[in-house]
Each structure stands twice: as structure tokens, then as C-alpha cells.
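> Structure incoming, see below.
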2 protein chains.
Amino acid sequence: MEINIQKRVLEANENEAERLRKYFAEKKVFVLNMMSSPGSGKTETLVKTLDRLMPETRTAVIVGDICTTNDADRLKSTGAEVTQINTDQFGGDCHLAAHLVEQCAREFDLDSIDLLIVENIGNLVCPAEFDIGEDARTVVLSVTEGEDKPLKYPLMFRLAQSAILNKADLLAYLDFDADLAVKNINEVNPEIPVFRISATKEEGLDPWVEWLRGEVSGKLEPKA
Amino acid sequence: MEINIQKRVLEANENEAERLRKYFAEKKVFVLNMMSSPGSGKTETLVKTLDRLMPETRTAVIVGDICTTNDADRLKSTGAEVTQINTDQFGGDCHLAAHLVEQCAREFDLDSIDLLIVENIGNLVCPAEFDIGEDARTVVLSVTEGEDKPLKYPLMFRLAQSAILNKADLLAYLDFDADLAVKNINEVNPEIPVFRISATKEEGLDPWVEWLRGEVSGKLEPKA
């Protein structure tokens, strides 16, 4: 019974997400869904990414957390418009669903936004199952988490269009094989680029930002 | 509707967990539920803990993962009996539930076991909601994850009987305030001890192992 109910919840979410995707297309907004474990450095990566994208790429951010507005507060320093979803009022939900993203997105003036980034709740499992009407997904893995995570949590890596290997500045102090981590990501998803960065030290960010800029302009200025 | 169904699922699990707790009590087995984010070092902590507990404390381990048997393979090197649950056959479940733990526990000869440790799926959210018939919960936080995690994911910390702050050997390379992390844990749960350790470097393990040994003997040899 539980599995059937989960199916119905997922189906309802998929219908909602498809509708939302059309709405974002009409508004010419590219939507990126960023996902990871807690503490992989999503927010720090976003802060440094926004510093490079803005103001040319007009960007807004929706931040999902169960509790606290810490991440939203950090992101506001970039000048981007930021809205926070706290899921504790919805029973401490472990993922963002399409209807929550829609509620938040409607608070922005989408006509003056090119890119909407959704920082999902820190969780390598459940967010992967919930389409939120995004155009692309990026999964962030930090080098402190172990090389095997793509194999242990394959769905999130399988459904991503790019991956970030963060905290590369700590590699010198860890017994972590970055090449093996990339190999494991590409075992699950052979197509995607993996960007090795250190968000705190601002290393390796350019290829990642270029990739994102290319995705955004690919949607907003489609080739004739 | 979704919330009502979630309630029913949680209630069914709680009934199952209560029954299971009685069964473990009859068998005189202490059950520890270990939880954390992916990559916090639960398995490494367990390997080093088992080295110190065994063979005096006869220990068995149930390891939960969505995919792979990596953790079980690492734990078997300690000589403990180990059973793996892979939840991918149950739709990639993001937590262990009482009925799954019961299935695995019945594979062990519980009459010759003092301590059963359940290494839950790497996830700071959902496992906290599912009682598995345990006597105590320990949450592992690594110093690479950020000091604010207890405030962002409070339920898991609120329901724990102890916490481990792992990867303390990396503190020198991080902008992480360990005292603030401990303060945040105790803000959510003032009672619990927080053990600062480095599992890989085998530092700080003794107070943690002593705590666990005390909990186990407190249940198995109750004071007159």
C-alpha cells in the first residue's frame, strides 16, 4: 500500500512539475535544481557562482531548508533576490516539491529574471525523486564524503546534467581519490561533466560557471 | 491527504518498533541506531569502535544502504557479524523501518549477542522519523559539514542520546568552530554528550566507547 501511495504522490508531483516547466518556458527563465548531502558546500558554491554571473545573468534563488534562514541570509549578500522555503511547517519534508517551488517562484518578477536556481534540501536521496520543473540538475559532492557516494546514491547522479566535486583544497589532507570519484560519477552517468572546484578558495570555478552560462543562453536564445 | 497517509505509515512503524523493542529486551540485546549525513564517517567510526568493543562486548551490525555492500565488506574485517539491507529493492527508501530491521535481526543468533548496531542510511532527515526499536541513538556529524547542521536538521539531534563530532583531525584546515557546533547540538538537545573524535586517526575514541559500553551494561545488568 505504501508503495502505491508513494507512486500517486510522485505522479501528482510530476504533473505539477510539467505544468511549472511550461510556465518557466513562457517566462524564459532557466531553472537549475542544485542538490547534495548536507554540508557539501552548495551555498558557498552558489555565493561564488552568483558573484561571477551577476548582474549579466539576472539570477534569483530559492533556498530549501527544514529550519533556519542561514543560507538565505548568506545568499542575499550577493545581491540576488532570494526566497527561503522552510519545510518544517510541512512536517519537516526532506525534499522540495513542485508546488512549493511554484509558490516561491510566483513571488519573483520572473520577467526580469534569466536564471532561477533552487538550492534543494541537503539530502542525497529524496530530492532526486521530485521533479520541480527544472531545466537541469547539478549534484554537488564534496571530497570529504567518500568516493563511493555516486554508487551508493545512484539516482541523484543518474538524473543530473552536471556534477561538482567541491572542497578540492582539502584533497591534500584526505585519503580521497578524486579520479575514482569522477569515474564513479561517470559510471552512473557517462555523459555529464564533473567540475572540480574549491568554492571557499575560489579555485576551478570558471569552467563550471561557463557551463551554466551556456545552458542558460541555450534556452533563452535558442539556435535558429 | 499526503500528511494523513504519512501519519498512518509512521504509526504503523511505531507499533512495529515497540514490539521489536520488547523482543530485543527479552533477548537482552542493546540496540544502537547510528545516523548521519552521507560521508560523515559512520562506517570508519564503527570499524574503530568494534576493534575496541570486541570480543568482550559481542556485537553484530546491520548496515543500511540504498545500493552497494561496501560498508558491510569493510565492517566484516572486524570479525563482527554483519548483515546488509539494500533498500533499492524497496523503491530506494531513504531510511530503515522497523520491519526491515526485524527481518535482518532474525538472521542473527541474538542469544549470543550483547549489542546490535544499526548503521542507518546516510540522511539527516528521514531516518530520524522512524523508530527501529532501538535503545539509543547516536548522530555523527563531521567537522566538514558546517556548524549549523544541528539547527537546520534539529529532529535527528533532538532524539539522540549522544553525538559524535568526527574528522577532528581536519579542523586545522577548515574554518569550522567546533565549540559552536557543540553549542548548537546542545541548544537542540541540552542533555547529550558530544564526543570529539577522529576515526581515521583513532583519536578521542575512548570516552565514546566507554559511554557505549556503559549504556550496554546498564541495560544488560540492571542495577538491583
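The values are calculated or read from the model by the stated rules, or taken from the named source; none is laboratory data. Quantities reported herein were computed from a predicted structural model and do not represent experimental measurements. Note that we place each Cβ from the backbone using ideal geometry, even for glycine, and neighbour counts take in every protein chain shown.
> Conditions first: (1) part of a helix (DSSP H, G or I); (2) buried (at least 20 other Cβ atoms within 10 Å of the Cβ). B:Met35 passes all but one, so which condition is the exception?
For B:Met35, the exception is condition (1).
> If you scan region A:4-42, which residues turn out to be within 30 Å of B:Val140 (Cα to Cα) and within 14 Å of chain B (Cβ to nearest Cβ)?
The initial filter retains those residues of region A:4-42 that are within 30 Å of B:Val140 (Cα to Cα), namely A:6, A:33-42.
If the condition is that a residue be within 30 Å of B:Val140 (Cα to Cα) and within 14 Å of chain B (Cβ to nearest Cβ), then A:Gln6, A:Met35, A:Ser36, A:Ser37, A:Pro38, A:Gly39, A:Ser40, A:Gly41, A:Lys42 are the ones that fit.
> Just for region A:73-100: of the residues that are part of a loop (DSSP other than H, G, I, E, B), of a type in the set (Gly, Ala, Ser) and over 17 Å from A:Ser36 (Cα atoms), which one is nearest to the chain's Cα centre (by Cα)? Talk me through it step by step, then tell me what you get.
Our first condition is that a residue be part of a loop (DSSP other than H, G, I, E, B); within region A:73-100, this holds for A:77-80, A:91-97.
Then drop every residue that is not of a type in the set (Gly, Ala, Ser), which leaves A:77, A:79-80, A:91-92, A:97.
Subsequent filtering for residues that are over 17 Å from A:Ser36 (Cα atoms) retains A:77, A:79-80, A:91-92.
On the way: A:Ser77: 19, A:Gly79: 19, A:Ala80: 16, A:Gly91: 22, A:Gly92: 19 Å.
Of everything passing the filter in region A:73-100, A:Ala80 is nearest to the chain's Cα centre (by Cα).
> If you go through region B:57-71, how many residues are more than 14 Å from every other protein chain (Cβ to nearest Cβ) and without any contact (Cβ under 8 Å) to a residue 60 or more places away in the chain? Outline the logic, then answer.
Of the residues in region B:57-71, the ones more than 14 Å from every other protein chain (Cβ to nearest Cβ) are B:57-62.
From what's left, without any contact (Cβ under 8 Å) to a residue 60 or more places away in the chain: B:58-62.
Residues meeting the conditions: 5.
> Among the residues of region B:156-174, are any farther than 26 Å from B:Leu20 by Cα and assigned to a loop (DSSP other than H, G, I, E, B)?
Yes, region B:156-174 has at least one match.
> Now for a different question. In this structure, does A:Met54 turn out to be without any contact (Cβ under 8 Å) to a residue 40 or more places away in the chain and more than 14 Å from every other protein chain (Cβ to nearest Cβ)? If you could, list the steps in order and put the result at the bottom.
On the way: without any contact (Cβ under 8 Å) to a residue 40 or more places away in the chain: yes; more than 14 Å from every other protein chain (Cβ to nearest Cβ): yes.
It is true that A:Met54 is without any contact (Cβ under 8 Å) to a residue 40 or more places away in the chain and more than 14 Å from every other protein chain (Cβ to nearest Cβ).
> Scan region A:72-94 for residues that are in contact with a strand residue (DSSP E or B) (Cβ under 8 Å, 6 or more places away or on another chain), within 14 Å of chain B (Cβ to nearest Cβ) and within 23 Å of A:Glu129 (Cα to Cα) and report the count.
Residues flagged as in contact with a strand residue (DSSP E or B) (Cβ under 8 Å, 6 or more places away or on another chain), within 14 Å of chain B (Cβ to nearest Cβ) and within 23 Å of A:Glu129 (Cα to Cα) within region A:72-94 amount to 4.
> Next up: Residues to consider are A:Ser162, A:Ser142, A:Ser198; find the one that is within 23 Å of B:Ile121 (Cβ to Cβ) and hydroxyl-bearing (Ser, Thr, Tyr).
On the way: A:Ser162 fails: within 23 Å of B:Ile121 (Cβ to Cβ); A:Ser198 fails: within 23 Å of B:Ile121 (Cβ to Cβ).
Just one listed residue meets the conditions, A:Ser142.
> I would also like to ask the following. Look at B:Ala97 and say whether it is touching a helix residue (DSSP H, G or I) at 6+ places or on another chain (Cβ under 6 Å) and hydrophobic (A, V, I, L, M, F, W, C). Spell out how you get there, then give the answer.
Numbers: touching a helix residue (DSSP H, G or I) at 6+ places or on another chain (Cβ under 6 Å): yes; hydrophobic (A, V, I, L, M, F, W, C): yes.
Yes, satisfied.
> Further question on the same structure: Inside region B:112-146, can you point out the residues that are facing chain A (nearest Cβ under 10 Å) and in a loop (DSSP other than H, G, I, E, B)?
B:Ile121, B:Gly122, B:Asn123, B:Leu124, B:Val125, B:Val143, B:Thr144, B:Glu145, B:Gly146
> When only residues in region B:57-72 that are assigned to a loop (DSSP other than H, G, I, E, B), at negative phi and at pLDDT below 95 count, which is surrounded by the most Cβ atoms within 10 Å (Cβ to Cβ)? Can you show your working first?
Within region B:57-72, the first condition is being assigned to a loop (DSSP other than H, G, I, E, B), and the residues that meet it are B:57-58, B:66-69.
Filter again for at negative phi, leaving B:57-58, B:66-67, B:69.
Then drop every residue that is not at pLDDT below 95, which leaves B:66-67, B:69.
Numbers: B:Ile66: 24, B:Cys67: 17, B:Thr69: 13.
So the residue we want is B:Ile66.
> Anything in region B:161-177 that is more than 10 Å from chain A (Cβ to nearest Cβ), without any contact (Cβ under 8 Å) to a residue 60 or more places away in the chain and closer than 23 Å to B:Val209 by Cβ? List them, or say none.
Once the filter is applied, which keeps residues that are more than 10 Å from chain A (Cβ to nearest Cβ), without any contact (Cβ under 8 Å) to a residue 60 or more places away in the chain and closer than 23 Å to B:Val209 by Cβ, region B:161-177 yields B:Gln161, B:Ser162, B:Ala163, B:Leu165, B:Ala168, B:Leu171.
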